[in-house]
Structures are given as C-alpha cells and as structure tokens.
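Shown next, in structure tokens, is the structure this report addresses.
The values are calculated or read from the model by the stated rules, or taken from the named source; none is laboratory data. All figures in this text were calculated on a predicted structure; none of them were measured in a lab. When we count neighbours, we look across all protein chains shown, and the Cβ atoms used for this are built from the backbone with ideal geometry, even at glycine.
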C-alpha cells in the first residue's frame with residue numbers, strides 16, 4: 001500500500017477519530033507532507049519508537065502507540081511474562097499522559113495488569129519500579145531531550161533495562177504483521193480492574209535505594225547549589241533527594257521547575273548544551289558553587305562548576321571520571337575486591353589508570369546504557385559486582401537498584417563530590433586537574449556529519465567499507481597500532497598482525513588506537529542519517545594534549561571529507 005492509499009484508508013477508517021481525520025483533511029493539498037506521514041509505518045527500533053507527533057502512520061500518535069503496545073502484549077504472552085504486568089511512566093512532553101493511557105488501554109484489554117504512574121516520572125524511576133514490582137516489562141513515554149514536536153515510546157525488559165536488539169526485533173516483527181483492526185483496547189483504562197496507580201510507597205523505596213547507593217557524607221549543608229529540571233520530570237525528585245541527604249543551601253530556577261512540554265525558556269532542553277544553563281547562570285548567587293541540570297526524563301545530568309569566579313561546564317567524560325574517582329576513594333577494601341567499572345567503547349580511557357590505582361576492573365561495552373545494564377546482570381555470575389557505570393553522553397549510575405542511567409542519583413552524588421572537595425579547599429575543576437596531573441591530560445571532541453540525501457548516506461556507508469578493506473596505518477601524524485572493528489567482532493594489532501575476537505554484540509563501529517595514546521571512533525547513527533566521530537587524546541601537559549587534539553581533528557576532517565567525495 002502506498003502513501004496515498006494509506007492516507008485515504010485513514011480518512012475512511014471508523015477506528016480513526018474525527019479530530020485526526022480533520023487534521024489530515026487540512027493537509028489534502030500538501031502532497032510532500034502526506035507522503036512523509038504515510039509512506040511507511042513508524043519503525044520500532046532498538047529503543048522503541050521516536051519521532052514527530054501528528055496524524056499518520058509515520059508519526060507518533062495514539063494509533064501507532066496502540067499498535068506497538070499490541071505487539072508488546074503478544075510478545076509478553078509468548079514469553080510467559082504477561083501475568084507479571086507492565087509498569088508505565090511518562091514525561092512532561094505534549095500528549096505524554098494521553099499516550100501512556102493509550103498504552104495502558106491496550107494492555108488491560110489484553111488481560112495484562114498495568115502499574116501506571118499518576119503523574120510525570122523520571123525514566124530511571126520506571127527502571128527501578130519494574131525491578132521493585134517484579135513486573136514483566138516497562139514502558140516510558142519520552143523523547144529525551146529532542147525538540148518539543150517529538151515524542152517516543154521506550155520499552156524496558158523484566159530486568160529493568162532498555163530492551164536489547166533481539167527483544168526489539170521480536171516486537172518489531174510482530175508490529176509489522178499487525179493492523180489497527182487487530183489491536184485490542186479499552187478507551188477508559190483508568191476504570192479497568194487490571195490497572196493500578198503507582199503509590200508513594202514505591203517512590204519512597206526509590207529514594208531509600210538512592211541514599212543507600214552513595215557513600216554517607218557529613219556536613220553537606222554548606223555547599224551552594226542551583227538546580228533546574230529544564231521543564232522536565234526531575235523537579236519533584238532532585239530537590240527532594242538533595243534535601244534528604246542534608247543539602248540545605250539549594251536554589252531552583254523557578255521558571256523551569258514546572259513540567260512543560262513546550263520547553264519555553266530554552267532552545268533545547270538538553271543539559272549537554274551549555275545554552276540550557278542560561279537562566280541558572282543569571283540567577284545563581286555568589287555563594288552558589290554548583291549548578292545541576294537534568295533533561296526532560298531525568299536520565300542525563302549536566303554540571304557547571306564555579307571556578308575562579310567563572311562558570312565551567314564539565315563534559316560527560318570529565319564528570320564521570322570525577323564521580324568514579326570519588327567512589328573508589330570512599331569505598332571500603334572489601335567493596336573494591338571484585339569491583340567493576342563499566343563504560344562504553346567511546347567513553348574516556350582515563351578510567352583505566354584510575355581503576356588500576358584501586359585494583360578494580362574496567363569493562364567496555366557498546367554505546368547505549370542498555371548494554372551497561374545488561375552487563376551489570378552478568379557480573380554476579382563471575383563472582384564480581386558493579387561499582388559504577390557511565391557513558392560520555394552524560395549518563396551515569398551508581399547502585400544496582402536500576403538498570404538505566406539516573407540523573408537523580410547522579411545529582412546527589414555530584415553534590416556529595418563537590419561538598420567533599422569544598423571541605424578540602426578544592427572545587428571540581430581543581431580536583432580534575434589533580435587527576436590529569438597524576439594520570440595524564442585527556443581531552444575529547446565529538447563531531448557529527450549529517451547527510452541530506454540517501455546518496456550522501458550511501459557514500460558514508462561506502463567510506464566505512466573502504467576503511468575496513470584498507471586499514472589505516474597512520475591518522476594525521478600518529479601511527480596506528482590497533483584497529484577494532486565491532487561490525488566484524490575483530491581487533492587487529494598492526495605491530496604483530498595478530499587478530500583478536502571482540503566479545504561484544506556486533507555494531508557498525510570502527511576504532512583506531514595510536515602509538516601516542518589517542519583513540520578515534522567512527523560510528524553511524526542508528527536513528528538518523530549521520531555518522532559520529534569521537535576523538536580522545538592524552539598528553540603530559542594540557543597544552544600538548546590540546547595541540548594533539550587539534551591536529552587529529554583536522555586530519556580526521558580531511559579523511560572523512562575526501563572519503564565522502566570518493567563515494
């Protein structure tokens with residue numbers, strides 16, 4: 001069925017409500033828009049659904065949400081997980097509550113119990129709830145820090161982690177076989193006997209789990225903190241956990257505290273973007289030493305530190321290293337024994353010398369916190385235990401109560417680290433510099449290359465293929481000593497010709513390690529027409545590391561530009 005046929009089918013389908021049909025009729029003369037809305041069904045990818053909201057098969061709306069949930073229901077029944085129920089949470093985005101209730105309506109109509117959050121809730125709280133309630137799955141309605149017109153639908157497994165590829169493929173293939181007429185749903189799920197609202201007792205258990213996960217710290221109250229949830233779900237939970245931990249000098253950005261899917265005070269509700277800190281910078285008092293900003297579903301944290309009278313933004317690698325260092329310092333010897341830090345393959349290598357100092361292990365896994373969560377479950381079988389996990393894209397977790405990154409507990413942990421060093425006359429930038437002086441100066445850069453057409457995207461795929469077939473021995477002026485091809489699960493040692501197996505799921509990522517200690521990673525996006533370039537260098541001084549990074553960045557730009565032209 002082509003786009004025009006799907007469009008006309010929706011206009012005559014008795015299952016489609018009149019408001020949706022009116023929206024579609026208004027677009028009758030806009031052929032390009034209708035083509036985009038109906039040329040396919042929105043795809044259920046590795047994380048679920050994500051896209052712009054609106055009427056159509058290729059949009060996020062109650063019909064595509066219901067279709068995905070029917071596929072999930074059938075998959076749960078097939079795996080004997082349906083009787084354990086599903087937990088549903090939603091964030092502050094437009095229509096998130098309605099989408100959550102639409103999903104609930106499908107599940108109860110399929111005879112599956114539902115635990116529904118009565119108000120907006122952080123994604124990590126959903127992960128905790130799945131584990132705490134021993135549910136068979138979880139759903140969270142969120143599009144993380146995408147623009148306001150986006151929403152999404154993420155599915156969690158019974159372990160509380162985002163579903164892995166094989167789980168997503170089952171749901172995706174089931175969804176592809178379904179039609180809207182095969183979806184079972186009730187329009188009034190809140191009145192259904194199989195639906196229960198999540199109560200405050202579960203939230204209290206979440207708070208206690210976070211307090212148990214971090215080292216106890218005395219005299220925290222004097223640290224001045226400013227917090228903003230950027231109109232998201234953290235506004236209720238981050239201030240509360242900080243107060244419970246003894247942080248009394250806490251200010252909040254009032255204009256950004258209420259959940260609002262329009263995100264009216266920021267260009268992007270993304271704590272990785274320094275512009276999101278604008279109001280917090282303007283309102284922070286002189287005695288404020290730390291600014292914390294969480295994204296709409298409160299799973300990512302951005303941090304700014306007052307250093308020598310100026311605000312300094314920490315990147316995701318820098319904050320992760322500071323948190324890991326603090327946890328290792330504060331751990332008891334028996335906690336360190338058999339302890340494991342987990343990071344993703346594109347995250348900083350500075351964690352390695354830090355771990356060696358304390359006699360703990362670092363495990364690498366693929367990009368995406370779901371892989372960190374999955375690895376957490378494997379460690380006990382080896383007689384080992386999880387200490388801390390993070391990824392460079394501002395996601396962190398301490399404690400084993402959840403299987404996803406948690407900006408709420410990370411806000412608490414970051415405040416603790418800042419208070420700990422403030423009591424010793426240091427700010428976090430100064431402590432980071434101490435770590436660099438001890439282990440070497442590590443600097444990173446991230447660049448994205450977007451493609452406006454399928455031809456450009458094909459050229460990018462051909463570039464990666466050529467780099468596989470003709471391995472680089474030099475990048476810029478740096479000699480390559482090892483190449484890791486995660487698409488082939490193989491590492492090649494160029495100095496010896498030795499080939500080693502990479503025991504990770506296959507993913508289309510290439511990495512080069514140089515004699516000088518640099519790491520270059522090239523990774524196509526799984527959801528957008530772009531490739532991402534991750535760079536990390538190390539040097540004996542900040543100046544040398546900075547110069548090396550600039551040269552490597554320029555060499556990689558030329559390599560990619562010429563490679564795309566060849567395609």
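Report, by residue number, each residue of the stretch 486-511 that is farther than 15 Å from residue 463 by Cα and in contact (Cβ under 8 Å) with a residue 40 or more places away in the chain.
Within the stretch 486-511, 486, 504, 505, 507 meet the criteria.
Looking at (1) farther than 30 Å from residue 374 by Cα; (2) touching a strand residue (DSSP E or B) at 6+ places or on another chain (Cβ under 7 Å); (3) part of a loop (DSSP other than H, G, I, E, B), which is the only condition residue 545 fails?
Of (1) farther than 30 Å from residue 374 by Cα; (2) touching a strand residue (DSSP E or B) at 6+ places or on another chain (Cβ under 7 Å); (3) part of a loop (DSSP other than H, G, I, E, B), only one is false for residue 545: (3).
Restricting the search to the stretch 383-397, which residues are in contact with a strand residue (DSSP E or B) (Cβ under 9 Å, 6 or more places away or on another chain) and farther than 22 Å from residue 512 by Cα? Outline the logic, then answer.
Taking the stretch 383-397 first, the residues in contact with a strand residue (DSSP E or B) (Cβ under 9 Å, 6 or more places away or on another chain) are 384-397.
Matches in the stretch 383-397: 384, 385, 386, 387, 388, 389, 394, 395, 396, 397.
From the residues in the stretch 309-328 that are surrounded by fewer than 17 Cβ atoms within 10 Å (Cβ to Cβ) and touching a residue at least 12 places away in the same chain (Cβ under 8 Å), which one is nearest to the chain's Cα centre (by Cα)? Before the answer, list the steps.
Step one: of the stretch 309-328, the residues surrounded by fewer than 17 Cβ atoms within 10 Å (Cβ to Cβ) are 309-312.
Still in the list and also touching a residue at least 12 places away in the same chain (Cβ under 8 Å): 311-312.
Details: 311: 25, 312: 23 Å.
If we take residues in the stretch 309-328 being surrounded by fewer than 17 Cβ atoms within 10 Å (Cβ to Cβ) and touching a residue at least 12 places away in the same chain (Cβ under 8 Å), then 312 is nearest to the chain's Cα centre (by Cα).
Name the residues in the stretch 166-186 that are buried (at least 17 other Cβ atoms within 10 Å of the Cβ) and out of contact with any helix residue (DSSP H, G or I) (no Cβ under 9 Å at 6 or more places or on another chain), would you?
168
Can you find even one residue in the stretch 416-428 that is touching a strand residue (DSSP E or B) at 6+ places or on another chain (Cβ under 7 Å) and closer than 27 Å to residue 164 by Cβ?
Let us first name the residues in the stretch 416-428 that are touching a strand residue (DSSP E or B) at 6+ places or on another chain (Cβ under 7 Å), namely 418, 427-428.
Checking which are closer than 27 Å to residue 164 by Cβ leaves us with none.
No: zero hits.
Per-residue answers, yes or no, for (1) under 23 Å from residue 409 (Cβ atoms); (2) free of Cβ contacts under 8 Å to residues at least 40 places away in the same chain; (3) part of a loop (DSSP other than H, G, I, E, B); (4) touching a helix residue (DSSP H, G or I) at 6+ places or on another chain (Cβ under 9 Å):
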{"position": "261", "(1), (2), (3), (4)": "no, no, yes, yes"}
{"position": "272", "(1), (2), (3), (4)": "yes, no, yes, yes"}
{"position": "282", "(1), (2), (3), (4)": "no, yes, no, no"}
{"position": "287", "(1), (2), (3), (4)": "no, no, yes, no"}
{"position": "291", "(1), (2), (3), (4)": "yes, no, no, yes"}
{"position": "302", "(1), (2), (3), (4)": "yes, no, no, yes"}
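Looking at the stretch 223-259, which of its residues are closer than 19 Å to residue 423 by Cα, part of a helix (DSSP H, G or I) and either in contact (Cβ under 8 Å) with a residue 40 or more places away in the chain or not assigned by TED's automatic domain parsing to the domain that holds residue 417 (or both)? Please lay out each step first, then the result.
If we filter the stretch 223-259 for residues that are closer than 19 Å to residue 423 by Cα, which is where we start, we get 223-226, 242-243, 245-250.
When the remaining residues are screened for being part of a helix (DSSP H, G or I), the result is 242-243.
Selection gives 242 alone.
Taking the condition surrounded by 14 or more Cβ atoms within 10 Å (Cβ to Cβ), within 24 Å of the chain's Cα centre (by Cα), closer than 18 Å to residue 125 by Cβ and not assigned by TED's automatic domain parsing to the domain that holds residue 147, does residue 266 pass? Outline the logic, then answer.
Details: surrounded by 14 or more Cβ atoms within 10 Å (Cβ to Cβ): yes; within 24 Å of the chain's Cα centre (by Cα): yes; closer than 18 Å to residue 125 by Cβ: no; not assigned by TED's automatic domain parsing to the domain that holds residue 147: yes.
So residue 266 does not fit the description; no.
Kindly provide the set of residues from the stretch 273-302 that are within 20 Å of the chain's Cα centre (by Cα) and closer than 18 Å to residue 429 by Cβ, ordered by number.
So the first thing to find is which residues in the stretch 273-302 are within 20 Å of the chain's Cα centre (by Cα), and the list is 273-277, 292-302.
Passing the criteria: 274, 277, 292, 293, 301, 302.
Is it fair to say residue 27 is in a loop (DSSP other than H, G, I, E, B), in contact (Cβ under 8 Å) with a residue 40 or more places away in the chain, out of contact with any strand residue (DSSP E or B) (no Cβ under 6 Å at 6 or more places or on another chain) and surrounded by fewer than 18 Cβ atoms within 10 Å (Cβ to Cβ)?
Details: in a loop (DSSP other than H, G, I, E, B): yes; in contact (Cβ under 8 Å) with a residue 40 or more places away in the chain: no; out of contact with any strand residue (DSSP E or B) (no Cβ under 6 Å at 6 or more places or on another chain): yes; surrounded by fewer than 18 Cβ atoms within 10 Å (Cβ to Cβ): yes.
Criteria not met by residue 27.
Any idea how many residues of the stretch 10-20 are within 15 Å of residue 64 (Cα to Cα) and part of a helix (DSSP H, G or I)? Give the derivation first.
To start, the set of residues in the stretch 10-20 that are within 15 Å of residue 64 (Cα to Cα) comprises 10, 13, 15-17, 20.
Next, from what is left, pick out any that are part of a helix (DSSP H, G or I): 10, 20.
Count: 2.
Only one of (1) part of a strand (DSSP E or B); (2) without any contact (Cβ under 8 Å) to a residue 40 or more places away in the chain; (3) within 30 Å of residue 372 (Cβ to Cβ) is not met by residue 479, so which one is it?
(3)
Using the structure shown, decide if residue 215 is closer than 27 Å to residue 97 by Cβ and either more than 20 Å from the chain's Cα centre (by Cα) or touching a residue at least 12 places away in the same chain (Cβ under 8 Å) (or both). Quick ask: steps written out before the conclusion?
Values: closer than 27 Å to residue 97 by Cβ: no; either more than 20 Å from the chain's Cα centre (by Cα) or touching a residue at least 12 places away in the same chain (Cβ under 8 Å) (or both): yes.
Spelling it out, it is not the case that residue 215 is closer than 27 Å to residue 97 by Cβ and either more than 20 Å from the chain's Cα centre (by Cα) or touching a residue at least 12 places away in the same chain (Cβ under 8 Å) (or both).
Tally up the residues in the stretch 339-378 that are under 22 Å from the mean Cα position of the chain (by Cα) and farther than 27 Å from residue 446 by Cβ, please.
So the count comes out to 2.
Here is a check on your reading of the model: is residue 100 closer than 27 Å to residue 411 by Cβ and in contact with a helix residue (DSSP H, G or I) (Cβ under 7 Å, 6 or more places away or on another chain)? Don't jump to the end; show me each part of the working.
Working: closer than 27 Å to residue 411 by Cβ: yes; in contact with a helix residue (DSSP H, G or I) (Cβ under 7 Å, 6 or more places away or on another chain): no.
The answer is no for residue 100.
Please indicate, with yes or no, whether at least one residue in the stretch 549-567 is touching a residue at least 12 places away in the same chain (Cβ under 8 Å), in a strand (DSSP E or B) and not assigned by TED's automatic domain parsing to the domain that holds residue 150.
No, every residue in the stretch 549-567 fails to be touching a residue at least 12 places away in the same chain (Cβ under 8 Å), in a strand (DSSP E or B) and not assigned by TED's automatic domain parsing to the domain that holds residue 150.
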